[in-house]
Amino acid sequence: MSKVSIITSSNARDFHRKLSEAFERGGKLVGGIKSIPKGDESRMDCEYDYVTFVSYEQIS
């Protein structure tokens, strides 16, 4: 049985930290990482939200 968690952040460094912590706890990436623009992507200052799913094996 697996438990799935969602990791989200609007800051790339924070997202990386959260994802690294999940891997340290034995998490595995489900699918990929999605970056969602919060404005016009053609602009240099466009910001993004980041989201992914991580699964953890649960021992019963």
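Filtering the range 42-54 for residues that are of a type in the set (Gly, Ala, Ser) and either modelled with pLDDT of 95 or more or under 9 Å from the mean Cα position of the chain (by Cα) (or both) leaves an empty set.
Residue pairs whose Cβ atoms lie under 6 Å apart, sitting 6 or more positions apart in sequence or on different chains, and linking a residue in the range 27-43 that is open to solvent by 90 Å² or more (accessible area, probe 1.4 Å) to a partner that is in a loop (DSSP other than H, G, I, E, B) and acidic (Asp, Glu), are Lys38/Glu47.
Within the range 24-53, being of a type in the set (Lys, Arg) and out of contact with any strand residue (DSSP E or B) (no Cβ under 9 Å at 6 or more places or on another chain) holds for one residue alone: Arg43. Within the range 5-26, the set of residues being in a strand (DSSP E or B) and surrounded by 11 or more Cβ atoms within 10 Å (Cβ to Cβ) comprises Ser5, Ile7, Thr8, Ser9.
The values are calculated or read from the model by the stated rules, or taken from the named source; none is laboratory data. Quick caveat: nothing in here was measured; it's all calculated off a predicted structure. No Cβ is skipped: glycine too gets one built from the backbone with ideal geometry, and neighbour counts run over all protein chains shown. Quick note on the areas: whole protein, heavy atoms, side chains included, nothing else; ligands and nucleic acids left out. Shrake-Rupley method; radii C 1.70, N 1.55, O 1.52, S 1.80 Å.
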